[in-house]
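Undergrad: Pasting a structure here, questions to come.
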Amino acid sequence: MFSRTISYLRLSLTDRCNLRCVYCMPENKKGGLQMLPHEELLSYEELLRIVRLVVGMGMNKIRLTGGEPLVRKGVMDFISSLSQIIGLDEIRLTTNGVLLHEKAKGLYDAGIRKLNISLDTMQPERFKKITGADLFDQVWKGIKTAGELGFDVKLNVVAMKGVNDDEFVDFARLALSSPYQVRFIEFMPVGNDSTWKEASFISSTDLQTLIATLGTLDPLLGRRMDGPARVFSLKTEDGLQGKVGFISPISHHFCDTCNRLRLTSAGRLRACLLHDREADLKALVRGGATDAEICGLIRQTILDKPKGHTLAEDQLNCSGQMSRIGG
Ligand code: SAM
Ligand code: SF4
């Protein structure tokens, strides 16, 4: 395991989504978008059994993602059941924010306190271009509602040259004028026909240089809970302060400190987002396996976790659909 402590499970609750982001589920994808039939998703009962087992093995954090986790029917009751699991210290959620205004209070009551909300632009027309839906105002309302309810809000911005690079400084200003942490994610070539092009890639180092034109960036060290993000405090000369993060799967491998395991919406256990090796946990669970056998497969997947990925060397190992794997 290369001395990494695996404490964090990411669950992709569904591969379905109410948006069609160009870099993730493009509407015009070759061969159309293939969705899993509902019976191929792990049921909530199956998921709860797996979560109880991983918590018994020492994991204490879960992130719900997808696709869009909030579109799956029954998700609020599922979250309430998760929050009853003793030893599970934190349930986090990654969402596109479309249903947030309507569900934020329920999520808070169900025990969630930390939300990552994806927002690549603050321009309604551009939002429509990137996501295929004219829903910027609705998402923005959801973000504000979440902030007012007291959620710890992080905004995830996929950095794409020629698409939203003229807004990076505005996003950093938002981090200065609001309680939200803004995190820039390097654009990843996930999926065989992704829209990723080298020309649209911008590295975290370049982003950092750009953001540093606003003020001083000081690294906040020892923030393991921030996962792969390198987080900085940003301070301006006129006394404004905020937090910005950089997630750099391409330019700075963080494999050596990666503490996560993923369960895809197809019920396959995956040790690395960017490495296609998967173990069929669903087949085991549905085949009547004992708890010990399920724990055995989980343990083996952790032991087999790749030491690193090779995207920076241009060898694409990830052909899966981001929405199915759970970004
Ligand atoms: N639907 C939810 C959302 O958008 O927040 C959760 C799932 S989405 C797959 C999780 C995260 O992956 C989002 O922040 C999204 O921007 C990011 N993502 C998807 N495709 C990506 C890509 N090719 N490169 C970088 N980030 C990507
Ligand atoms: Fe949906 Fe999230 Fe993928 Fe956008 S990034 S299409 S919101 S799953």
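The values are calculated or read from the model by the stated rules, or taken from the named source; none is laboratory data. None of these values were measured; they are calculated from a predicted model. Please note: Cβ atoms are built from the backbone with ideal geometry, for glycine as well, and neighbour counts cover all protein chains shown. Quick note on the areas: whole protein, heavy atoms, side chains included, nothing else; ligands and nucleic acids left out. Shrake-Rupley method; radii C 1.70, N 1.55, O 1.52, S 1.80 Å.
Undergrad: I'd like the full set of residues that are among the charged types (D, E, K, R) and in a loop (DSSP other than H, G, I, E, B), limited to the stretch 34-84. Even if it seems obvious, please write down each step before you answer.
TA: Kept after step one, since they are among the charged types (D, E, K, R), are these residues of the stretch 34-84: 39-40, 45-46, 49, 52, 61, 63, 68, 72-73, 77.
Selection gives GLU68, ARG72, LYS73.
Undergrad: Can you tell me which condition ARG270 does not meet? The list is (1) within 26 Å of LYS197 (Cα to Cα); (2) at pLDDT 85 or above; (3) surrounded by fewer than 16 Cβ atoms within 10 Å (Cβ to Cβ), and all the others hold.
TA: Just one mismatch for ARG270, condition (3).
Undergrad: Condition first: more than 16 Å from ligand 2 (Cβ to nearest atom), closer than 28 Å to VAL182 by Cβ and modelled with pLDDT of 95 or more. Can you find one or more residues in the stretch 64-79 that meet it?
TA: Yes, the conditions are met somewhere in the stretch 64-79.
Undergrad: Further question: Can you tell me which condition TYR23 does not meet? The list is (1) closer than 28 Å to ASP120 by Cα; (2) aromatic (Phe, Trp, Tyr); (3) not in a loop (DSSP other than H, G, I, E, B), and all the others hold.
TA: (3)
Undergrad: What pairs come up if the first residue lies in the stretch 155-181 and is of a type in the set (D, E, K, R), the second is open to solvent by 10 Å² or more (accessible area, probe 1.4 Å), and their beta carbons are under 6 Å apart, counting only those six or more places apart or on different chains?
TA: Within 6 Å, the pairs are LYS161/SER200; LYS161/ILE202.
Undergrad: Just one of the numbered conditions (1) in a strand (DSSP E or B); (2) at pLDDT 95 or above is not true of ARG230; which one?
TA: (2) is the only condition that ARG230 fails.
Undergrad: Also, quick follow-up: Taking the residues in the stretch 155-187 that are within 12 Å of ligand 1 (Cβ to nearest atom) and touching an Asp or Glu at 6+ places or on another chain (Cβ under 9 Å) as candidates, determine which candidate is farthest from ARG92 (Cα to Cα).
TA: VAL163
Undergrad: If you don't mind, there's one more thing I want to ask. Does the stretch 43-52 contain at least one residue that is of a type outside the set (A, V, I, L, M), touching a residue at least 12 places away in the same chain (Cβ under 8 Å), more than 30 Å from ALA292 (Cβ to Cβ) and open to solvent by 10 Å² or more (accessible area, probe 1.4 Å)?
TA: no
Undergrad: Please count how many residues of the stretch 170-188 are closer than 15 Å to ALA159 by Cα and either open to solvent by less than 20 Å² (accessible area, probe 1.4 Å) or in contact with a strand residue (DSSP E or B) (Cβ under 8 Å, 6 or more places away or on another chain) (or both). Break it down stepwise before answering.
TA: If we filter the stretch 170-188 for residues that are closer than 15 Å to ALA159 by Cα, which is where we start, we get 170-172, 182-188.
Next cut, either open to solvent by less than 20 Å² (accessible area, probe 1.4 Å) or in contact with a strand residue (DSSP E or B) (Cβ under 8 Å, 6 or more places away or on another chain) (or both) only: 171-172, 182-187.
Residues that pass the stated criteria total 8.
Undergrad: When ASN156 is evaluated against the numbered criteria (1) surrounded by fewer than 22 Cβ atoms within 10 Å (Cβ to Cβ); (2) more than 16 Å from ligand 2 (Cβ to nearest atom); (3) modelled with pLDDT of 95 or more; (4) under 15 Å from PHE246 (Cα atoms), which criterion, by number, is the only one it fails?
TA: (2)
Undergrad: Pick from the stretch 115-125 the residues that are without any contact (Cβ under 8 Å) to a residue 40 or more places away in the chain and away from ligand 2 (no atom under 13 Å from the Cβ): which of them is least open to solvent (accessible area, probe 1.4 Å)?
TA: Within the stretch 115-125, the match that is least open to solvent (accessible area, probe 1.4 Å) is LEU115.
Undergrad: With the structure loaded, tell me whether PHE136 is more than 17 Å from the chain's Cα centre (by Cα), within 12 Å of ligand 2 (Cβ to nearest atom) and closer than 20 Å to ARG183 by Cα or whether it fails that test. I'd like the intermediate steps shown before the answer.
TA: Details: more than 17 Å from the chain's Cα centre (by Cα): yes; within 12 Å of ligand 2 (Cβ to nearest atom): no; closer than 20 Å to ARG183 by Cα: yes.
No: the conditions fail for PHE136.
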